[in-house]
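Comments concern the structure below.
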Amino acid sequence: TRHSAAAVGVSIVLALLYVVRRRRRAPPPLSVPEALHVLTHGSRAQREVAALTLCGILFGEVAVLEEFLDEAKGRHPEFGLKRKDGRSVLDVALDDVRGGSKPALDLLSLCS
């Protein structure tokens, strides 16, 4: 019937809009060293993307967790210069949590 065809058409359009919007929100691919550098030196929006990226690969990956904790200790000078204010990646993540960043909170939760 006509109503069924219209409903199917609307469903298809809504599904396509959902897929397009979801692709736009997907964070760009970052390597672990890039994500750690951005977490330490990037803007708040960039840090949220980096935290989302690390959350996607950190769960169950002991080597990635070790890299994150090594970065907090400053053992990866190749990932970028130390911050002038002396804060580590954990300090920056904690500040982001205090500011209401859910990705930073998720990242720190995965580290515990």
May I ask you to verify whether S109 is modelled with pLDDT of 80 or more and of a type in the set (S, T, Y)?
yes
Looking only at region 82-99, and only at residues there that are in contact (Cβ under 8 Å) with a residue 40 or more places away in the chain and within 20 Å of L110 (Cα to Cα), the one that is most open to solvent (accessible area, probe 1.4 Å):
G99
Taking interchain pairs and intrachain pairs at least six residues apart, which have beta carbon atoms under 9 angstrom, with the first residue in region 48-74 and in a helix (DSSP H, G or I) and the second surrounded by 14 or more Cβ atoms within 10 Å (Cβ to Cβ) and hydroxyl-bearing (S, T, Y)?
E48/S101; A51/S101; E71/T40; E71/S88; A72/S88
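Going by the structure shown, is A63 surrounded by 14 or more Cβ atoms within 10 Å (Cβ to Cβ) and at pLDDT 80 or above? Working first, answer last.
On the way: surrounded by 14 or more Cβ atoms within 10 Å (Cβ to Cβ): no; at pLDDT 80 or above: yes.
Criteria not met by A63.
The values are calculated or read from the model by the stated rules, or taken from the named source; none is laboratory data. Nothing here was measured: the structure is a model prediction, and the numbers come from that model. All Cβ positions, glycine included, derive from the backbone under ideal geometry; neighbour counts span all protein chains shown. We work out accessible area using only protein heavy atoms, side chains counted, and drop any ligands, DNA or RNA first. Shrake-Rupley method; radii C 1.70, N 1.55, O 1.52, S 1.80 Å.
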